[in-house]
Structures are given as structure tokens and as C-alpha cells.
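The values are calculated or read from the model by the stated rules, or taken from the named source; none is laboratory data. What you are looking at is a predicted structure, and each value in this text was computed from that prediction instead of being measured. Counting neighbours? That spans all protein chains shown, and the Cβs are built from the backbone with ideal geometry, glycine included.
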Amino acid sequence: MTDRTGQFHGLRVVLAIIGAVIAVSGITAPLLSHEMTTIAAHHLLHAGMAAGAGLLGLGLARGRRGLERSGWLWPAVIAPAIGLVLMWPSEYAWLMSHPWLHMLDHLGIALCALLAVYAAQSYVGGLGWLMLVLLVAMDAACAGGFGVAPGPSFLLEPGKSAVAMANMTPSTGGKSATSRPAATMSAMGSKLYQTMGCGGCHSVDGTKGVGPTWKNLAGYPQKLKDGKVAIASYQFLRMMILDPGKIDLAGYPQGVMPASYRTALAGPRHPHETRLNAIIWYINTLSNRAGKVSEPPVPDEIKP
């Protein structure tokens, strides 16, 4: 019995050491290389970090099989939920520009994983292993797109037409009727800028962020990493949003813009691309070089 107890103790020590090394590597990763990855790959990093922290939790816990200790139930339930909040997709881009806060966010995720596994193992011996598998699976699912794509906007609920949204648009202050469609689309784009988390990467006042500012973007020349220069036309802006990997702007990290915007703004579910064009209209209103080349089409429903 003593030999078996010593073996179990040695196994816990080994698990704790391996887990601690993995967890610390994941926690400090934002400081070592802050432009190293796509969002999907970064969620895989979260999965590895959760695995390491969970192994550390298993190494520290002393669960006795078959004996429930109810005091550990609530930490086992609440800790994973807090960890999921700390991986909130809309905050990812903002954290990319704040390495130390990003590291603290990783620390919080790791501590939540550690607590969840430790509490589950302490609640009932053996349950910690199941919690570890669930945490890693959750993070891996995020890497595959689960929970990452922006949700539907209240601006375009099913059955609500563009005409109805036009009637919701504030007065244009005496401008001619021909400017109302553009004002309608721009107002819609401004709301989408807020609800879809665009502000995490792109400012509207000229402040540099993870992505280019939208102020004086449309119609202006943009320098690419290969040394070429391209004008930010409608097609250029459309590609930046839907196919970010095809445009490599100088001075900005690649792989930060989520590829999920393609399904959220275009494709069979969005044949008229109303929300996409609304965002591009809003970008145009922020530029003093905007013109026909950079302006998107206006839906027939709201044309004067």
C-alpha cells in the first residue's frame, strides 16, 4: 500500500511540473511574440494552456474516489464560465495591442482552468480528468469557429426591410432627398461598427490600432508589405473585410481580422450584402477623399 501511495504521489508531482511548464509558457506567450498567430491558432494556444493548468490542478488535488465534498461544487461550475468570458472574441483584437494586459488575460484563463480541474477533482476523485477534457475541447472548439463568429445584429432582424430602417434614420438636417440613402446606410454602418466589435481593431478618429484607422481610409493610397501601393476603393475595402488574408498592409499584423465576417456579411444568407455595404458606407463618411470609386452600391429599396 505504501509503495502504491508513493507512486501516486510521484505521478502527481510529475503532472504538476509538466502542467506548470506548459501553463507558464502559454501565459507569457503574448510578451514573447505578439504577432505570432491567427485567432484560430491563438485559441489552440488557449487549449494548450488550459491543458497545462489542468494537469497542474490534478497534481495538486487529492480527490478521494466516491467521496463527495460539496464545498468544491460551485468553484467547479463557475470557474469554466469565467474562463470563457476571458476569451470573449470581440476583446481579442484590443488585447493584441496591449501585451501586458493580454498576459494578465492569459493568466486569468489559466487560473480558471486550474481552479476548475482542482475543484472538480476535490469534489469527487476522478472528475477532474473529465473537467480537463471538457476545458480543452471547449478551447479547441473556439479555434474551429464555435462562438467566434459575430452574432446577428438587431438592425437586420428577419422580416425588417431596408425601407423600415430608412424610416428609423434621424433627420438629415435639411439635406436633399438624394443624400438620404447614403445617410441611412452610414447610420446603419455606425451601429454595426459598435455591435460587431470593429472598434477593437479600428479607430474612427485617426488613432492607430491593431488594424488601420477608418478615418481617411476610403479613397486614400494604402502601402502594402510588398512595397506596392493600392487605393482603398470599394473592392479594396470589401476584400479587406471578407478576405483579410489577401491584403497584407504594411505596419499591421496579419491574421488578426476574423475570417468569420465572410459568413456574417456575405454569401447565400446575405445576397444583397446590405450590412457589408452599410459598413463600407460608414467608412466612406469618415474620409475626405471618398468618392464614386470607394462608395458601395445602395440597395434598391432605399433609393430615392
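Could you tell me whether I241 is β-branched (V, I, T), free of Cβ contacts under 8 Å to residues at least 40 places away in the same chain and closer than 21 Å to L286 by Cα?
Yes; evaluated as a whole, the condition is true for this residue.
For G125, state whether it is modelled with pLDDT under 90, assigned to a loop (DSSP other than H, G, I, E, B) and assigned by TED's automatic domain parsing to the domain that holds A50.
yes
Answer yes or no as to whether L237 is within 18 Å of G291 (Cα to Cα), crowded, with 16+ Cβ neighbours inside 10 Å and modelled with pLDDT of 90 or more.
yes
Output the residue which, of all residues in the range 129-144 that are in a helix (DSSP H, G or I) and small (G, A, S), is modelled with the lowest pLDDT.
Filtering first and then ranking leaves A143.
For the range 195-213, does any single residue satisfy the condition of being of a type in the set (D, E), at pLDDT 70 or above and in contact with a helix residue (DSSP H, G or I) (Cβ under 9 Å, 6 or more places away or on another chain)?
There is no residue in the range 195-213 that is of a type in the set (D, E), at pLDDT 70 or above and in contact with a helix residue (DSSP H, G or I) (Cβ under 9 Å, 6 or more places away or on another chain).
Within the range 109-130, restricting attention to residues that are under 26 Å from P30 (Cα atoms) and touching a residue at least 60 places away in the same chain (Cβ under 8 Å), which residue is nearest to the chain's Cα centre (by Cα)?
I109
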